[in-house]
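To keep things clear, I will list the structure first and then write my remarks on it.
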Amino acid sequence: MKLLVTGGAGYVGGVCATVLLERGHEVVILDDLSTGNRDGIPEGATFIEGDVATKIGDVLDSTFDGVLHFAARSLVGESVEKPGEYWQGNVVTSLTLLDAMRSTGVDNLVFSSTAATYGEPEQVPITEDMPTRPTNTYGATKLAIDHAITSYAKAHGLAATSLRYFNVAGAYGSAGENRVVETHLIPLVLQVALGHREDIKVFGDDWPTPDGTCVRDYIHVADLADAHVLALETNSAGVHRILNLGSGEGFSVREVIDVCREVTGHPIPDVIAPRRAGDPAVLVASSSKAIDELGWSPSRTDLRTVVEDAWAFTSNLGDRAHSAPR
Ligand code: UFG
């Protein structure tokens, strides 16, 4: 298939583009490099620099078979401070994309959604029929796009899947986490092991969890990429599926840091810090629907594998690490 991958220079988009190329698909990446970087663009992809809102009309035509839409603003804290950038950059941009798909007759879509659409869950594991009450603007914009996709599927026959990611981590091929602004737990912990920061701040140890730190569901980015390929291949006209992607197992912040200590052999000092605004105590996915409907079989679900792959990537970055002292 000839596929447009928006945001394909970013972490998740880059890994998915890599896997699509490996499966023999033709990949065109559209990315404005606002948070992605050239290093993340896989060999063999055609790269077009530009943002989706202004470029999509020039790039998308009827020769494409489908779109994987990753391009988005995705920092929870920033989304609360600058909501306009998120409503514009995520929702308005996605509507422009949906209209371009409609006018060109490109009718197969996989959308990068998030666990943040659920907000604070009433129970875990979270299934797709649970209430969606996002606690931040980022989650609200992704939920709004999910709703838009549902109505385009019903009205215009779009074949679509929204994949709601839990905590994506690990690396694959030459793609991994190397953001200019890093806020995610595992890459930050590994930056301590690299000597690029002194310690890791643990955001609260008084949560209602077994060790008092937040529990999350970490999914390997390569398993996540497999789900995108399967979604694309099994989408059907007029149907919008919404599927969670996680490992189904929760690990506390302390447990994650301990695994990073084992894998890196570094003591990784930690410091207890105040709770971070907007953090739910526990987020764990039920991925049963994705497993049933996609025939997805995640094979790298254990946390040690996730951390080992992330560490192999991070420790090889050298000067290319954005966290490296300059
Ligand atoms: N954490 C720390 N110290 C840090 C960074 C994170 O203790 O320096 C903690 C957080 O408080 C949280 C856990 O580690 O409990 C994981 O935090 P991340 O920032 O790595 O990930 P989040 O769970 O906040 O975010 C993920 C996705 C988001 C999505 C969100 C849904 O990355 O895209 O889940 O709540 F919106």
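Per-structure values
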quantity: Test result for Leu109, within 18 Å of Leu245 (Cα to Cα), buried (at least 22 other Cβ atoms within 10 Å of the Cβ), aliphatic (A, V, I, L, M) and away from the ligand (no atom under 16 Å from the Cβ); calculated: yes
quantity: Checking Ser113 against (1) out of contact with any helix residue (DSSP H, G or I) (no Cβ under 6 Å at 6 or more places or on another chain); (2) in a strand (DSSP E or B), the condition it does not meet; calculated: (1)
quantity: Qualifying residue in the stretch 94-108 (condition: of a type in the set (Val, Ile, Thr), under 19 Å from Asp31 (Cβ atoms), modelled with pLDDT of 95 or more and out of contact with any strand residue (DSSP E or B) (no Cβ under 7 Å at 6 or more places or on another chain)); calculated: yes
quantity: Looking only at the stretch 193-217, and only at residues there that are β-branched (Val, Ile, Thr) and under 23 Å from the mean Cα position of the chain (by Cα), the one that is nearest to Asp319 (Cα to Cα); calculated: Ile200
quantity: Single residue of Val282, Val263, Val271, Val306 found to be closer than 19 Å to Thr213 by Cβ and in contact with a His (Cβ under 6 Å, 6 or more places away or on another chain); calculated: Val306
quantity: Subset of the stretch 240-286 (residues that are more than 15 Å from the ligand (Cβ to nearest atom) and part of a loop (DSSP other than H, G, I, E, B)); calculated: Gly248, Gly265, His266, Pro267, Ser286
quantity: Members of the stretch 214-225 found to be within 18 Å of Gly278 (Cβ to Cβ) and in a strand (DSSP E or B), listed by number; calculated: Val215, Arg216
quantity: Number of the exception - Thr18 against (1) of a type in the set (S, T, N, Q); (2) crowded, with 22+ Cβ neighbours inside 10 Å; (3) closer than 30 Å to Thr135 by Cα; calculated: (3)
quantity: Residue check for Ala312: farther than 19 Å from Ile126 by Cα, of a type in the set (Gly, Ala, Ser) and part of a helix (DSSP H, G or I); calculated: yes
quantity: Pick from the stretch 42-89, criterion part of a helix (DSSP H, G or I) and at pLDDT below 95, ranking: nearest to the ligand (Cβ to nearest atom); calculated: Val76
quantity: Strands (runs of 3 or more DSSP E) contained entirely in the stretch 117-213, each with at least 3 residues that are touching a residue at least 24 places away in the same chain (Cβ under 8 Å), more than 13 Å from the ligand (Cβ to nearest atom) and buried (at least 23 other Cβ atoms within 10 Å of the Cβ); calculated: 159-165
quantity: Filtered residues of the stretch 36-70 (kept if closer than 20 Å to Tyr11 by Cβ and buried (at least 19 other Cβ atoms within 10 Å of the Cβ)); calculated: Gly36, Gly40, Ile41, Pro42, Ala45, Val52, Val67, Leu68, His69, Phe70
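The values are calculated or read from the model by the stated rules, or taken from the named source; none is laboratory data. This is a predicted model, so every value here is computed, not measured. All Cβ positions, even for glycine, are placed from backbone atoms using ideal geometry, and neighbour counts span all protein chains on display.
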